[in-house]
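A short write-up of the structure that comes next.
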Amino acid sequence: MPTKIMKCVSILALCLTALRLPTANFQVLLEFVVCVTALLVVTQAVGLRKYLWAAGFSVIAVLFNPILPVALSRTTWLWLDWVCFMTFLVSLAALKTRPTFSEPSITHPAAGRTSL
């Protein structure tokens with residue numbers, strides 16, 4: 001659930017950036033949010049064994065890292081914002097975790113009252 005929330009926050013931030021609303025301070029916040037979210041999606045994708053998604057989001061994390069910023073032209077950043085926006089949107093549907101159901105335990109105290 002936290003990954004889904006972070007994806008939605010990143011989508012909103014990328015949408016605002018694509019509409020050319022950010023200031024210099026917003027750009028640093030955008031880079032931080034997108035980088036952290038991309039790293040969360042990488043861990044989610046690895047857990048789901050979808051390594052192509054993990055590789056793609058690793059690239060996004062590197063491009064948007066706030067510690068060592070990548071110098072690109074404004075036009076290139078605009079295209080990257082839209083590509084990342086669409087990637088996060090698609091990942092909402094493509095990287096869904098399946099719920100895991102636990103098996104009833106025979107060592108649970110309530111299990112002794114019922115037959116196996």
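The values are calculated or read from the model by the stated rules, or taken from the named source; none is laboratory data. For clarity, every value in this text was computed on a predicted model and none was experimentally measured. Positions of Cβ are backbone-derived with ideal geometry, glycine not excepted, and every protein chain shown enters the neighbour counts.
Taking the stretch 57-81 on its own, how many of its residues are at pLDDT 85 or above, loosely packed, with under 12 Cβ neighbours inside 10 Å and either in a loop (DSSP other than H, G, I, E, B) or among the basic types (K, R) (or both)? Number satisfying all stated conditions: 4. Number of residues in the stretch 82-113 that are surrounded by 10 or more Cβ atoms within 10 Å (Cβ to Cβ) and either among the small types (G, A, S) or modelled with pLDDT of 85 or more (or both): the value is 12. Within the stretch 17-30, being hydrophobic (A, V, I, L, M, F, W, C) and either at pLDDT below 70 or surrounded by 15 or more Cβ atoms within 10 Å (Cβ to Cβ) (or both) holds for A18, L19, L21, A24, L30. For the structure I just gave you, tell me whether L52 is exposed (fewer than 12 other Cβ atoms within 10 Å of the Cβ), modelled with pLDDT of 85 or more and among the hydrophobic types (A, V, I, L, M, F, W, C). Criteria met by L52.
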